[in-house]
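Just below is one structure, and these are the notes that go with it.
The values are calculated or read from the model by the stated rules, or taken from the named source; none is laboratory data. Since we're looking at a predicted model, the values are computed, not measured. In this analysis, Cβ positions are derived from the backbone assuming ideal geometry, glycine residues included, and neighbour counts consider all displayed protein chains. The area values use the complete protein model at the heavy-atom level, side chains included, leaving out ligands, DNA and RNA. Shrake-Rupley method; radii C 1.70, N 1.55, O 1.52, S 1.80 Å.
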Amino acid sequence: MRQLRKDEKVVNVGQSQVINGASLQRSADRGLHVVSVMRTGCDEHFITAPLLSGEQPGPLFKRAAEALRDRGAAIVSMEVAGVPHGMAPLIEAFGPVAWPVTWLDRSPAAAAGGIHVWAVAGPAVTSIERAGVVTGTRFEDAWATYCRIGGLVPENHNAAPAIQTVSILNAMESTLRGARMNFSDVVRTWFYNRDITAWYGQFNRARNRFFDARGVFQC
C-alpha cells in the first residue's frame, strides 16, 4: 500500500480509485513565463510570452513554440494581444493551427502585448471546427471532460449589438455540440467586447434571454 503525501488525495471514479498527486512549477525570464501543474495523467502548462520592445511576431511565436516542444504539450487554446493579426508567422512557428486562437487588438494607449497559451501533456486534444474554422478543443482526464472555446467573432460586424451578441452565443452553442456538451456544462464565459461600457445593457439583456431560453440559470 502506497502512503499518500499531504498534497495527494484519493477519490472514487466509477469502480476504481484514482490517486492524484499534483505539483506546481514556475519559471520566468524576460521573454517567457511558464506555470505548470503536474498531476496524475495530465500536465497543464500555461505559457505567457510578452512582446519585447521592437520585437516582430515571428520571434515571439517561435519562443512560445519552443517552450511547448520542450514539454511535449498539445495546445488547448491561444490568446494573442497587441500583435498584428497575421497567421503566417504563427503557422511558421507552431505548424497547422488545430486550436482556437483569440486575437485581441491593442488600443493605442496599451503598454504591452504578447501571447498566452494553455497546453496539456498526456491527454489527446481533439479539435472542434465550425464552418471550417477551429473554434474549440476537447480533452479528457480521470476527473472530467474539458472543452475550451475561443476565436469567435460575430457573423456581421455591422449588425445591432444584441444581434452580434446572439451570433456569438449561437457559435458557442454549436461548438459545444461538437464536444457533446450544452450550455448546462459551461462553468465560465469570458467576452472581449469593444467599448463594452457603451452597450453593456444591451449585451447583458441579450445574453440573459439566451441563457434563460436554455435553462442556464436553473442548472
Report summary line: Taking the stretch 62-119 and keeping residues assigned to a strand (DSSP E or B), modelled with pLDDT under 95, closer than 18 Å to Asn193 by Cα and out of contact with any Phe, Trp or Tyr (no Cβ under 9 Å at 6 or more places or on another chain) leaves Trp103
**Report entry** Output for the stretch 39-61, where each listed residue is surrounded by fewer than 16 Cβ atoms within 10 Å (Cβ to Cβ) and within 22 Å of Pro96 (Cβ to Cβ)
**Finding:** Gln56, Gly58, Pro59
Query raised in the report: Which members of the stretch 167-206 meet the condition of being more than 20 Å from Thr102 (Cα to Cα), in contact (Cβ under 8 Å) with a residue 24 or more places away in the chain and open to solvent by less than 40 Å² (accessible area, probe 1.4 Å)?
Result: Met181, Phe183, Ala206
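Listed here are the residues, each with its yes/no results for (1) within 27 Å of Ile115 (Cβ to Cβ); (2) at pLDDT below 95; (3) aliphatic (A, V, I, L, M); (4) in contact with a Lys or Arg (Cβ under 7 Å, 6 or more places away or on another chain).
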| site | (1), (2), (3), (4) |
| --- | --- |
| Arg148 | yes, no, no, no |
| Val153 | yes, yes, yes, no |
| Pro161 | no, yes, no, no |
| Ser167 | yes, no, no, no |
| Ser174 | yes, no, no, yes |
| Ala179 | yes, no, yes, yes |
| Ser184 | no, yes, no, no |
| Val187 | yes, yes, yes, no |
| Trp190 | yes, yes, no, no |
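For Gly31, are the conditions met, namely being closer than 27 Å to Ala88 by Cα, at pLDDT 70 or above and open to solvent by less than 40 Å² (accessible area, probe 1.4 Å)? Write out each step before concluding.
Working: closer than 27 Å to Ala88 by Cα: yes; at pLDDT 70 or above: yes; open to solvent by less than 40 Å² (accessible area, probe 1.4 Å): yes.
Yes, satisfied.
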Query - Any pair with Cβ under 7 angstrom, 6 or more apart, that starts in the stretch 61-82 at a residue that is touching a residue at least 60 places away in the same chain (Cβ under 8 Å) and under 21 Å from Glu129 (Cβ atoms) and ends at one that is of a type in the set (D, E, K, R) and open to solvent by 50 Å² or more (accessible area, probe 1.4 Å) - result: Val76/Arg148; Ser77/Arg148
